[in-house]
Amino acid sequence: MANEMLLKYGCNPNQKPSRVFMEDGKDLPIEVLNGKPGYINLLDAFNGWQLVRELKKATGMCAATSFKHVSPAGAAVGRPLTETEAKIYFVDDLGELSPMACAYARARGADRMSSYGDFIALSDVCDVPTAKMIQREVSDGIIAPGYTDEALEILKSKRKGTYNIIKIDENYVPAPIETKQVFGVTFEQGRNEFKIDNDLLTNIVTENKDIPDDKKEDLVISLITLKYTQSNSVCYVKNGQAIGIGAGQQSRVHCTRLAGSKADNWWLRQHPKVMGLQFVDDIRRPDRDNTIDVYISDEYEDVLRDGEWQRLFKVKPDVLTKEEKQEWLAKNTDVCLGSDAFFPFGDNIERAKKSGVKYIAEPGGSIRDDNVIDTCNKYGMAMAFTGMRLFHH
């Protein structure tokens, strides 16, 4: 290891010189095993590593995240995949999957469009099943506390041998005070070491006071994910994985809508019509993902018009009608929702209800808390006030 690492450039090619280094003179806590990571790669790597490390501490399960532009596109713990999940994540041909591979399949599969070209973070050693999964995806790099010899060789074969592979010292503890510069001015603050666990979910302010243990775990997953998501942000979670993340929006309800639409797409991809799509044999994985995204959207005609569908499908699919989508979306229930700051209006709850949300965790503290609580009560939702904001910039 070394004290500094020179980078090709910063956020953009014109931003030179660029490097990362340790001001205290100690060695960097990472070792680059392959490739040459860039400035944004390392931002994603360090944020992603913190996220999966905390998910593992909170749940006791291995965790993975798929990062893009300093926010997670997906995050999950290593629960086994259902047969349907294995199919919609396109990993049903890989045989038996390890918990680590299941975690990454969930993290990558939640929003495959956004995960294209991701930077991966794993809480545990990267094994062969996980490496084989990563091998065929478009990805910029990975950070993990270790790699088996065979997994490392598989990953080194990506991108003509240039795939970024980083090993992180899992025992590294950063200084309690962090700094950064903006416009020549140095900012300093205490690191956000706030612990997120079930103790945050004891102040249930709604008439429905029942949050089952598995839903508490999902709410904790949503809050830890939000801790490393650019604010404003909200996160929908179901069965141990984020299914919709809305990041970096100025309006809270826009976050809720954006993340809700992603959660809806995740659920619609499980519709029998979508799972039954017959793609041409040589379709590229990104083209297939984009086609599914368009097919379930209001712009479905773009992939079903004559001259276009023949390029994508063996058989022209029937339209997935608005009525069919509404009927299917109504079957998505018991979804959990976390917010990094208070909901200022009940309209957020109204939108969340459309995506099957029943359990909510948010800080509270709005002058309109009563309106938000009343809206939850109208739908029989259970909402906990955490008392803790989770802004991340």
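Things to note:
- Per residue, the accessible area of the stretch 89-149 comes to 30 Å² when a 1.4 Å probe rolls over the protein heavy atoms.
- Cα-only Debye scattering, the stretch 253-393: base-10 log of I(q)/I(0) at q = 0.13 Å⁻¹: -0.67
- Sites matching trypsin sites (Lys or Arg not before Pro) across the stretch 232-305 that sit in DSSP coil, with at most 16 neighbouring C-beta atoms within 10 Å: Arg284, Arg305
- For the chain, the relative contact order works out to 14 percent when only alpha carbon pairs closer than 8 Å and six or more residues apart are counted.
- The GluC sites (Glu not before Pro) of the stretch 183-215 that meet both conditions, a loop assignment by DSSP and at most 10 other Cβ atoms within 10 Å of the site Cβ, are Glu193.
- Accessible surface of the stretch 187-240 [probe 1.4 Å, protein heavy atoms]: carbon and sulfur percent: 42 percent
- Of Lys36/Lys68; Lys167/Lys262; Lys209/Lys273; Lys132/Lys195, those spanning more than 26 Å from alpha-carbon to alpha-carbon: Lys167/Lys262; Lys209/Lys273; Lys132/Lys195
- Hydrodynamic radius of the chain by the Kirkwood approach over all distinct alpha-carbon pairs: 21.9 Å.
- Taking a quarter of the surface of the Cα convex hull of the stretch 176-335 gives a mean projected area of 14.4 nm².
- When a 1.4 Å probe is rolled over the protein heavy atoms, the share of accessible surface on the stretch 42-89 that falls to carbon and sulfur comes to 56 percent.
The values are calculated or read from the model by the stated rules, or taken from the named source; none is laboratory data. All figures in this text were calculated on a predicted structure; none of them were measured in a lab. Neighbour counts are summed over all protein chains in view; Cβ atoms, including those assigned to glycine, are modelled from backbone coordinates with ideal geometry. Accessible surface is based on the protein model in full, side chains and every heavy atom, while ligands, DNA and RNA are left aside. Shrake-Rupley method; radii C 1.70, N 1.55, O 1.52, S 1.80 Å.
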